[in-house]
Amino acid sequence: MPVSFLIAAIVLLITGLGVGFASGLLGVGGCFIMIPVQVWAYTALGIPFNTAVAVAFGTNLFVVLPTAASGAYGHTKKDAVWWKAAIFLGVSGAAGAVIGATIATTLVGMGLGWILSIAFGSAIIAGALRMLTAKPPEVTGKKPVDNPLLWILWGVPLGIVTGIIGIGGGVLMVPVMVVALSFGIHRAVGTSTALMIFTSIGGLIGYIYNGLKAGIPFVFHNLHMLGYMNLESWILLAATSVPMAQVGVRTAHKLPAKQLRYVFIAVMLYMGWVMIRKGLGITLPIPI
């Protein structure tokens, strides 16, 4: 086994710990950790950059699936998952994610991934600032919106975006649920983990199909692929992220709603900056 693969495997295992904790704590898939690390690993192993980006997106969605299921189970035990909303948002989001994955793989093949990176980073920062300035439902006393049609109307476009950038969608869904649908932050985080089960499946289908269509072989640079999804990375990331999601869940329910809200906003701002920086090709002496 090459030393380069051993190093990549160790880094991916450590990454899985952070991904699982972030998923359970914040109701996100951990893409802001997984995608940059995977792109580094794949390019270090000789995979061309554009293909590495697509594989990172597809593999990320497959890791999100069991991690989200683990987090949803933990949040359900805390009575923090509104399954009715999760199913409507999740199924409509999954349909959108298939469309988004197709758009993304087409643009990556054209070498235009940097545009997606900048646009997504800007949207994330805008969402974080809106969430920071909006009054939380716990303060206003509003009841959460119970409208399946409105959930679907939100789910499809958000699913398209999540498919384009290869994420489970929690980092977008949580602020929408808090600001637009009047969910409390704990219920938004819990419901987000449940709906990511559906959106990750939709996006994964899109990346696998389009990768097979593009002719990605099963053995590619000594890695085993299923379209734009790498099996080795999935095993390494899922092995540590799934159990760590339960640790994140327990931590989330020990934090006050206001504190949890600010943690989520900080993660969004950081993620947005990283995506913009990578899209613009800015390199810094320190990894921020």
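From the cross-link list Lys143/Lys254; Lys143/Lys278; Lys78/Lys143, which pairs have alpha carbons spaced over 30 Å apart?
Correct reply: Lys143/Lys278.
Tell me the accessible surface of Tyr209 in square angstrom (1.4 angstrom probe, heavy atoms of protein chains only), to the nearest ten.
140 Å²
With a probe of 1.4 Å, find how much accessible area region 35-89 has per residue, and write the answer as a whole number in Å².
Dividing the accessible area of region 35-89 by its residue count gives 35 Å².
The values are calculated or read from the model by the stated rules, or taken from the named source; none is laboratory data. These figures come from a predicted structure and were not determined experimentally. Accessible surface areas use protein heavy atoms only, side chains included; no ligands, DNA or RNA. Shrake-Rupley method; radii C 1.70, N 1.55, O 1.52, S 1.80 Å.
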